[in-house]
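Inspection log for the structure reproduced underneath, given as structure tokens.
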Amino acid sequence: MLRLIDVETRYGNIRALQGVSLTVGEGEIVALIGANGAGKTTTLMSISGIVPVSSGRILFNGQPIEKEAPDKIVAAGISQAPEGRRIFPGLSVMENLELGAFLRQDHGQIKKDIKYIFKLFPILNKRRHQAGGTLSGGEQQMLAISRSLMARPKLLLLDEPSLGLSPLMTNQIFEIIRIINTEVQMTIFLVEQNANIALKMAHRAYVMENGVVTLEGKAADLLNNDEVKKAYLGI
């Protein structure tokens, strides 16, 4: 579904991504792990068109998207829940969800999707008229993921969904991610610093260091890799 081929992204003279190549197959959960500053978020921002690619190709369902504007990429079927949630704090939960469906015209299906969101996250239904900025951190993360789902993407990009959350809330969020993948058959590309939970959830994974993919393979294999254990699992 998604293929990056020798992607390079720069911030001025700094090469944030250096020849990154990876794939995400339809129906998969693929994780990208690495330390802070490794280039994980830049990878997602490059896919979403928010950060321009200096060179290389990004193919989505075989079509090049590396030169497309972010709204065109969303319309093509890619939606991102960004690091730090970035919901609209002054808008209600319902208004945030409705903005997620901004590019859609199928109003009947939008209502059904909101109903499904509230089934996934019952607490959001209780908070539906509450301002997003008054929600807890975990509830805001639920809203950020839900807003991305409202675009009806074929590919969901998740950036650090466990950031700032308690272990209990992290487990709840990742259980919902698993349900989204299995029930809706949503393809997910997951950036996560919590390597342990990411590798237990994902089908395949990549390890990134200083803008370079250094390891790849089945998530279960990387979970048992001595190098990964030492660097990212604290074992």
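The values are calculated or read from the model by the stated rules, or taken from the named source; none is laboratory data. Bear in mind that the values here come from a model prediction, so they are computed numbers and not experimental data. So basically every Cβ, Gly included, is an ideal-geometry build from the backbone, and we count neighbours across all protein chains shown.
Could you tell me whether any residue of the range 108-115 is assigned by TED's automatic domain parsing to the domain that holds Val207 and without any contact (Cβ under 8 Å) to a residue 12 or more places away in the chain? No, the range 108-115 has no match at all.
Output the residues belonging to the range 193-221 that are of a type outside the set (Lys, Arg) and without any contact (Cβ under 8 Å) to a residue 40 or more places away in the chain. Reasoning before the result, please.
First pass over the range 193-221, keeping only residues of a type outside the set (Lys, Arg): 193-199, 201-203, 205-217, 219-221.
Once the filter is applied, which keeps residues that are of a type outside the set (Lys, Arg) and without any contact (Cβ under 8 Å) to a residue 40 or more places away in the chain, the range 193-221 yields Asn194, Asn196, Ile197, Thr214, Leu215, Gly217, Ala220, Asp221.
Rundown of residues vs (1) surrounded by fewer than 16 Cβ atoms within 10 Å (Cβ to Cβ); (2) part of a helix (DSSP H, G or I); (3) modelled with pLDDT of 95 or more, yes/no style:
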site: Thr42; (1), (2), (3): no, yes, yes
site: Glu68; (1), (2), (3): no, no, yes
site: Asp71; (1), (2), (3): yes, yes, no
site: Leu99; (1), (2), (3): yes, yes, no
site: Phe102; (1), (2), (3): yes, no, no
site: Gln105; (1), (2), (3): yes, no, no
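Scan Leu222, Leu157 and give me the residue that is in the same structural domain as Leu44 (by TED's automatic domain parsing), buried (at least 20 other Cβ atoms within 10 Å of the Cβ) and in a helix (DSSP H, G or I). Give the derivation first.
On the way: Leu157 fails: in a helix (DSSP H, G or I).
Going through Leu222, Leu157 in turn, the sole match is Leu222.
Exactly one residue among Ala131, Ala195, Ala144 is in contact with a helix residue (DSSP H, G or I) (Cβ under 7 Å, 6 or more places away or on another chain) and of a type in the set (Gly, Ala, Ser), and that residue is Ala195. For the range 120-174, the candidate set comprises residues that are acidic (Asp, Glu) and on the phi < 0 side of the Ramachandran plot; within that set, the residue that is nearest to the chain's Cα centre (by Cα) is Asp159. When the residues of the range 166-197 are narrowed to those that are hydroxyl-bearing (Ser, Thr, Tyr) and within 25 Å of Gly77 (Cα to Cα), which ends up modelled with the highest pLDDT? Restricting to residues being hydroxyl-bearing (Ser, Thr, Tyr) and within 25 Å of Gly77 (Cα to Cα), the top hit is Thr187.
Going by the conditions given, is Leu32 in contact (Cβ under 8 Å) with a residue 12 or more places away in the chain, closer than 12 Å to Leu2 by Cβ, assigned to a strand (DSSP E or B) and assigned by TED's automatic domain parsing to the domain that holds Glu216?
Values: in contact (Cβ under 8 Å) with a residue 12 or more places away in the chain: yes; closer than 12 Å to Leu2 by Cβ: yes; assigned to a strand (DSSP E or B): yes; assigned by TED's automatic domain parsing to the domain that holds Glu216: yes.
Considered against the rule, which asks whether it is in contact (Cβ under 8 Å) with a residue 12 or more places away in the chain, closer than 12 Å to Leu2 by Cβ, assigned to a strand (DSSP E or B) and assigned by TED's automatic domain parsing to the domain that holds Glu216, Leu32 comes out as yes.
Considering only the range 127-145, I want to know if a residue exists there that is more than 26 Å from Met45 (Cβ to Cβ), assigned by TED's automatic domain parsing to the domain that holds Ile33 and either out of contact with any Cys (no Cβ under 9 Å at 6 or more places or on another chain) or modelled with pLDDT of 90 or more (or both). No, that holds for no residue.
I want to confirm something. Restricting to the range 22-40 and keeping residues that are on the phi > 0 side of the Ramachandran plot and out of contact with any helix residue (DSSP H, G or I) (no Cβ under 6 Å at 6 or more places or on another chain), which single residue is modelled with the lowest pLDDT? The qualifying residue modelled with the lowest pLDDT is Gly37.
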